[in-house]
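The values are calculated or read from the model by the stated rules, or taken from the named source; none is laboratory data. Just so it is clear, the model here is predicted, and its values are computed rather than measured. Cβ placement follows ideal geometry from the backbone for every residue including glycine, while neighbour counts extend to all protein chains displayed.
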């Protein structure tokens with residue numbers, strides 16, 4: 001299971017403050033903690049206005065790279081900011097994200113192809129987020145047609161089936177699961193990812209909803225997620241789910257995590 005650490009996001013009040021005040025120590029601390037927790041990528045979202053975004057992304061990138069070597073996921077829908085920021089990274093980044101929207105495909109996909117980036121692809125188009133798994137799959141098929149035309153291998157595509165909040169549609173999780181199954185069957189080399197916290201927005205006991213959804217999503221084919229890597233319960237649940245599904249040879253990952261104290265209650 002690949003983890004995209006979610007915490008360096010300018011839509012979060014404290015991170016936005018750190019960006020505005022150029023508080024590099026706060027950003028470095030977030031980066032180091034997420035890297036130490038095993039993140040495969042660190043998501044980097046400035047969350048600022050288009051005229052500031054490129055400069056803010058570069059500052060974030062330089063701050064993060066000064067303390068960790070973990071690859072970054074550049075999180076922006078602004079192609080100009082991405083084109084500028086991508087030149088500042090030390091390792092090939094993930095790009096978050098493209099979609100079925102023609103403008104995004106036209107403006108961002110060439111960057112993905114040029115730099116050989118893995119990329120998150122949202123199963124939505126310029127109209128709206130489709131309400132059914134079949135319609136989302138059709139959007140995904142259109143995206144894969146374009147990525148292949150640009151020479152991007154399916155193995156670099158991370159399809160996000162879009163887990164909408166279950167508080168407004170109790171079938172949201174089921175739609176996401178079925179979308180995953182359709183994608184996995186048709187495009188076995190492509191990956192599946194998800195923004196985990198969306199599913200529980202507006203509900204009490206969100207951590208329980210998130211963990212249950214994630215376990216079922218892993219069974220449906222999910223192999224990465226944007227989440228909080230510092231959440232010990234989530235980390236333990238991922239290991240336990242992979243163990244139960246027969247994906248942990250001789251239970252070694254689970255046993256090693258236990259020896260490191262993952263399952264102990266934090267003080």
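Assorted remarks:
- Residue check for residue 241: at pLDDT 95 or above, part of a loop (DSSP other than H, G, I, E, B), more than 21 Å from residue 147 (Cβ to Cβ) and not assigned by TED's automatic domain parsing to the domain that holds residue 42: no
- Every residue from the range 110-121 that is touching a residue at least 12 places away in the same chain (Cβ under 8 Å) and either in contact with a strand residue (DSSP E or B) (Cβ under 9 Å, 6 or more places away or on another chain) or in a helix (DSSP H, G or I) (or both): 110, 111, 112, 113, 115, 117, 118, 119, 120, 121
- Here the range 126-161 is the region considered, the condition is being surrounded by fewer than 21 Cβ atoms within 10 Å (Cβ to Cβ) and within 20 Å of residue 199 (Cα to Cα), and the residue that is modelled with the lowest pLDDT is 128.
- Scan of the range 191-215 for residues that are touching a strand residue (DSSP E or B) at 6+ places or on another chain (Cβ under 7 Å) and either buried (at least 20 other Cβ atoms within 10 Å of the Cβ) or under 15 Å from residue 174 (Cα atoms) (or both), ordered by number: 191, 192, 193, 194, 196, 214
- Wholly enclosed helices (runs of 4 or more DSSP H) of the range 122-219 bearing at least 3 residues in the same structural domain as residue 7 (by TED's automatic domain parsing): none
- The range 61-99: number of residues that are in a helix (DSSP H, G or I) and out of contact with any strand residue (DSSP E or B) (no Cβ under 7 Å at 6 or more places or on another chain): 10
- Qualifying residue in the range 165-172 (condition: touching a strand residue (DSSP E or B) at 6+ places or on another chain (Cβ under 9 Å), at pLDDT 95 or above and crowded, with 20+ Cβ neighbours inside 10 Å): no
- Qualifying positions in the range 36-60 - crowded, with 20+ Cβ neighbours inside 10 Å, in contact with a strand residue (DSSP E or B) (Cβ under 9 Å, 6 or more places away or on another chain) and either touching a residue at least 60 places away in the same chain (Cβ under 8 Å) or part of a helix (DSSP H, G or I) (or both): 39, 43, 57, 60
- Scanning the range 1-35 for residues that are part of a loop (DSSP other than H, G, I, E, B) and more than 20 Å from the chain's Cα centre (by Cα) yields 22, 23.
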